[in-house]
1. For a protection proxy built on the mean count of beta-carbon atoms within 10 angstrom, sort 19-30, 46-57, 2-13 highest first, please.
2. Translational diffusion coefficient, Stokes-Einstein: compute it for the chain using the Kirkwood radius over C-alpha pairs as Rh, at 37 °C and 0.692 mPa s, and state it as an integer in µm² s⁻¹.
3. Assuming 1.002 mPa s and 20 °C, estimate D for segment 1-43 with Stokes-Einstein, Rh taken as the Kirkwood radius over Cα pairs, in µm²/s.
4. In nanometres, what is the gap between the two model label sites at residue 31 and residue 14, each 7 Å from Cα along Cα-to-Cβ?
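Bear in mind that the values in this text are calculations on the coordinates, not laboratory data. Please read all numbers here as calculations on a predicted model, not as lab measurements. Reconstructed Cβ throughout: ideal geometry from the backbone, glycine too, with neighbour counts over all protein chains shown.
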């Protein structure tokens, strides 16, 4: 599954276009490497999101084409969350 679509379906980022723009800006890493929006994700990958003053690391648990709001949180687990000063 594409990185930008996964971020939207899992609701880590609300809109796919925003996920695309953020990843093109180099603020998203997959397994420690900067990833483009079309990067193919696999179960077990670690996604690092750089949001302004915070960094969030999440592990991919499931890949689904669509998910309800309640099921979206089951698609990933937060590994680490840190604030940058």
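1. 2-13, 19-30, 46-57
2. 260 µm²/s
3. For the chosen part, D equals 216 µm²/s.
4. 3.2 nm
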